[in-house]
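Visitor: One structure is given below, represented as structure tokens, and several questions about it will come after.
The values are calculated or read from the model by the stated rules, or taken from the named source; none is laboratory data. Treat the numbers as computed from the prediction; the structure is a model and nothing was measured. Please note: Cβ atoms are built from the backbone with ideal geometry, for glycine as well, and neighbour counts cover all protein chains shown.
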Amino acid sequence: MNKANLHTTNPINRMKYVLLFLFLSASFFGCGGIDEDLLVIPTVTSLPGLDEMAFVQITDTHNSMVSFVPALSVMRAYNCDFGFISGDIIPPKEMLDSVNKFSKPFLMIPGNHDATDGYGQVGFRYNVLNAIRANNNVHFGSSDANYWYKDIYKNGHNLRVIGLDQFECKVNASFPVTSSDTVPRNQVDWFTQVLSHSEACDGIIVIMHCGFGTTTINVRDTNNVNSFISILAKNFKNNYDYDFSSYQDPRIYPDIVKAYITGNNIKNKVYKKGYQNTNLTVHTNFSGPHQNFIGYFGGHLHWDEVEYLHDYPNQLQVLMAYCGDGTGSNYNDLIKSGSRLNSFNVNLNVINFTERTLKIFRIGAKQKIDGTTRDSISFKY
């Protein structure tokens, strides 16, 4: 993993900082009602190149604008192509209004709190996704689905962004959805079909709320250590409440993606589907092999966990720390306060299609409790 140099003393780059400040100021004040103290100059040194695509991620905002407003500012300052929130949004009206006014797509998928405490599974589609549809223009899986895909184009490159809904609670309406309790047949079939028509894309990313982490089946490698894994949570064992696998086999989606990447198809493999011990049989027919899958982007844990999946070395998951007010978790190792730089989290992601790399920059709260900082990290795909 190659770390990027985030600081520079070059006079030209110092001039960039001045210009970025002007971008940021316009962006913050354009959202209305934003505290001037939140203004911050990012420390990334250059804009995306011709063979690069940039986007921002925030997650688990929980009815807060504290990270959303800086995310829009970073998008303006670095000419990002899109941004997204990976669940547990419960978006305030001013957030939806800002998305509709923004010049670039800002995408959303539901989390467990959106399905239970917020609008509900059906309400999220009609009150959130439909409300920002004109800005995003995504391709939904069905007339009432929260899952979708969107193609982003730049300089001859095409990135396919797939948004999954892990909380289709209308399927199990009698069961309280406190975690991802099922993988619906229709969504699995849709996901497989979308992948099968993604061969010509230069890259594929999947936005989902919950990542993969059940240590007992080695989906997550707890021995892996890097600067983007929380110091407090890297060896956390009792994380069933946070895993994607609470009521289902977490290997369903990684196995499908593995079949897509390798061309070694799944032949009627049976997976545990949901809380009532029902099963789901999966069959794929990908042409394969393909080398354009980049990774999964989510949250839910409220701490950072960025790594390749154990047993799936070509599948990266980028699980980002809580982006609402405060730390959000005892396992979040970032020092956060209510002022300026330390008050929010934003991930700036840069894909280089020529070098086949994903580089992640942390903007905002980056100092960890051991005194080190979470600056940047790079992965191959």
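Visitor: Mind listing just one residue for me: the one in region 146-159 that is part of a loop (DSSP other than H, G, I, E, B) and within 19 Å of the chain's Cα centre (by Cα) and, of those, surrounded by the most Cβ atoms within 10 Å (Cβ to Cβ)? Steps first, please.
Guide: Taking region 146-159 and keeping what is part of a loop (DSSP other than H, G, I, E, B), we get 146-147, 155-156.
Narrowing the set further to residues that are within 19 Å of the chain's Cα centre (by Cα) leaves 146-147.
Numbers: N146: 25, Y147: 27.
Across region 146-159, the extreme among qualifying residues is Y147.
Visitor: Go through region 84-98 and give me each residue that's polar (S, T, N, Q) and under 18 Å from the mean Cα position of the chain (by Cα). So that I can check it myself, show each step before the final result.
Guide: Step one: list which residues in region 84-98 are polar (S, T, N, Q), which gives 86, 98.
Of everything in region 84-98, just one residue is polar (S, T, N, Q) and under 18 Å from the mean Cα position of the chain (by Cα), namely S86.
Visitor: Confirm whether S227 is modelled with pLDDT of 85 or more, hydroxyl-bearing (S, T, Y) and within 20 Å of the chain's Cα centre (by Cα).
Guide: Working: modelled with pLDDT of 85 or more: yes; hydroxyl-bearing (S, T, Y): yes; within 20 Å of the chain's Cα centre (by Cα): yes.
When the stated conditions are applied, S227 passes them.
Visitor: For residues in region 189-206 being in contact (Cβ under 8 Å) with a residue 60 or more places away in the chain and either part of a loop (DSSP other than H, G, I, E, B) or basic (K, R) (or both), which is surrounded by the fewest Cβ atoms within 10 Å (Cβ to Cβ)? Talk me through it step by step, then tell me what you get.
Guide: Applying the first criterion (in contact (Cβ under 8 Å) with a residue 60 or more places away in the chain) to region 189-206 yields 191-192, 195-196, 198-199, 201-206.
Filter again for either part of a loop (DSSP other than H, G, I, E, B) or basic (K, R) (or both), leaving 198-199, 201-202.
Values: S198: 20, E199: 13, C201: 18, D202: 19.
Filtering region 189-206 for residues that are in contact (Cβ under 8 Å) with a residue 60 or more places away in the chain and either part of a loop (DSSP other than H, G, I, E, B) or basic (K, R) (or both), the one surrounded by the fewest Cβ atoms within 10 Å (Cβ to Cβ) comes out as E199.
Visitor: Out of region 322-345, which residues are of a type in the set (A, V, I, L, M, F, W, C) and surrounded by fewer than 24 Cβ atoms within 10 Å (Cβ to Cβ)? Write out each step before concluding.
Guide: So in region 322-345, the residues of a type in the set (A, V, I, L, M, F, W, C) come out as 323, 334-335, 341, 344.
Once the filter is applied, which keeps residues that are of a type in the set (A, V, I, L, M, F, W, C) and surrounded by fewer than 24 Cβ atoms within 10 Å (Cβ to Cβ), region 322-345 yields I335, L341.
Visitor: Just to be sure before I move on: is S73 part of a helix (DSSP H, G or I) and either charged (D, E, K, R) or touching a Leu at 6+ places or on another chain (Cβ under 6 Å) (or both) in the structure I sent?
Guide: Values: part of a helix (DSSP H, G or I): yes; either charged (D, E, K, R) or touching a Leu at 6+ places or on another chain (Cβ under 6 Å) (or both): yes.
So S73 fits the description; yes.
Visitor: Now a separate question. For the condition surrounded by fewer than 22 Cβ atoms within 10 Å (Cβ to Cβ), closer than 18 Å to N63 by Cβ and of a type outside the set (G, A, S), what is the one hit in N135, N127? Give the steps one after another, and end with the answer.
Guide: Working: N135 fails: closer than 18 Å to N63 by Cβ.
After applying the criteria, what remains is N127.
Visitor: Still on this structure: Go through region 99-122 and report how many residues are more than 14 Å from T61 (Cα to Cα), touching a helix residue (DSSP H, G or I) at 6+ places or on another chain (Cβ under 9 Å) and surrounded by fewer than 23 Cβ atoms within 10 Å (Cβ to Cβ).
Guide: 9
Visitor: Show the residue pairs that are 6+ apart or on different chains and have beta-carbon atoms under 8 Å apart, the first residue being within region 153-179 and closer than 20 Å to H197 by Cβ, the second being among the polar types (S, T, N, Q) and modelled with pLDDT under 95.
Guide: Taking only residues 6 or more apart or on different chains, the pairs are G163/N146; L164/Q187; D165/Q121; D165/N146; D165/Q187.
Visitor: Among I132, I162, I89, which is the only one that is at pLDDT 90 or above, in a helix (DSSP H, G or I) and not charged (D, E, K, R)? Break it down into steps so the answer makes sense when it comes.
Guide: On the way: I162 fails: in a helix (DSSP H, G or I); I89 fails: in a helix (DSSP H, G or I).
One residue alone meets the criteria, I132.
Visitor: Return the residues of region 311-344 that are outside any loop (DSSP other than H, G, I, E, B) and either within 29 Å of A259 (Cβ to Cβ) or in contact (Cβ under 8 Å) with a residue 40 or more places away in the chain (or both); say none if nothing qualifies.
Guide: Of everything in region 311-344, those that are outside any loop (DSSP other than H, G, I, E, B) and either within 29 Å of A259 (Cβ to Cβ) or in contact (Cβ under 8 Å) with a residue 40 or more places away in the chain (or both) turn out to be Y312, P313, N314, Q315, L316, Q317, V318, L319, L334, R340, L341, S343.
Visitor: Does region 322-358 hold any residues that are within 30 Å of D202 (Cβ to Cβ) and among the acidic types (D, E), and which are they?
Guide: Step one: list which residues in region 322-358 are within 30 Å of D202 (Cβ to Cβ), which gives 323, 345-358.
Correct list: E355 only.
Visitor: Given Y308, Y296, which one is part of a strand (DSSP E or B), surrounded by 23 or more Cβ atoms within 10 Å (Cβ to Cβ) and of a type in the set (S, T, Y)? Even if it seems obvious, please write down each step before you answer.
Guide: Numbers: Y308 fails: surrounded by 23 or more Cβ atoms within 10 Å (Cβ to Cβ).
From the options Y308, Y296, the qualifying one is Y296.
Visitor: Going by the structure shown, is N352 modelled with pLDDT of 95 or more and surrounded by fewer than 20 Cβ atoms within 10 Å (Cβ to Cβ)? Can you show your working first?
Guide: Numbers: modelled with pLDDT of 95 or more: yes; surrounded by fewer than 20 Cβ atoms within 10 Å (Cβ to Cβ): yes.
When the stated conditions are applied, N352 passes them.
Visitor: Something else about it: Just one of I261, I207 is more than 27 Å from D114 (Cα to Cα), at pLDDT 95 or above and not hydroxyl-bearing (S, T, Y); which is it? If you could, list the steps in order and put the result at the bottom.
Guide: Numbers: I207 fails: more than 27 Å from D114 (Cα to Cα).
Criteria check complete, one pass: I261.
Visitor: Same structure, new question: Take the residues of region 101-129 that are closer than 14 Å to Q166 by Cβ and touching an Asp or Glu at 6+ places or on another chain (Cβ under 8 Å): which is modelled with the lowest pLDDT?
Guide: Applying the filter and picking the extreme gives Q121.
Visitor: To continue, here is another question. Against the condition assigned to a strand (DSSP E or B) and surrounded by fewer than 21 Cβ atoms within 10 Å (Cβ to Cβ), how does N265 come out, does it pass? Reasoning before the result, please.
Guide: Numbers: assigned to a strand (DSSP E or B): no; surrounded by fewer than 21 Cβ atoms within 10 Å (Cβ to Cβ): yes.
In short, no.
Visitor: Tell me which of these L358 doesn't satisfy, since it passes every other one: (1) free of Cβ contacts under 8 Å to residues at least 40 places away in the same chain; (2) under 23 Å from M53 (Cα atoms).
Guide: The number of the failed condition is (1).
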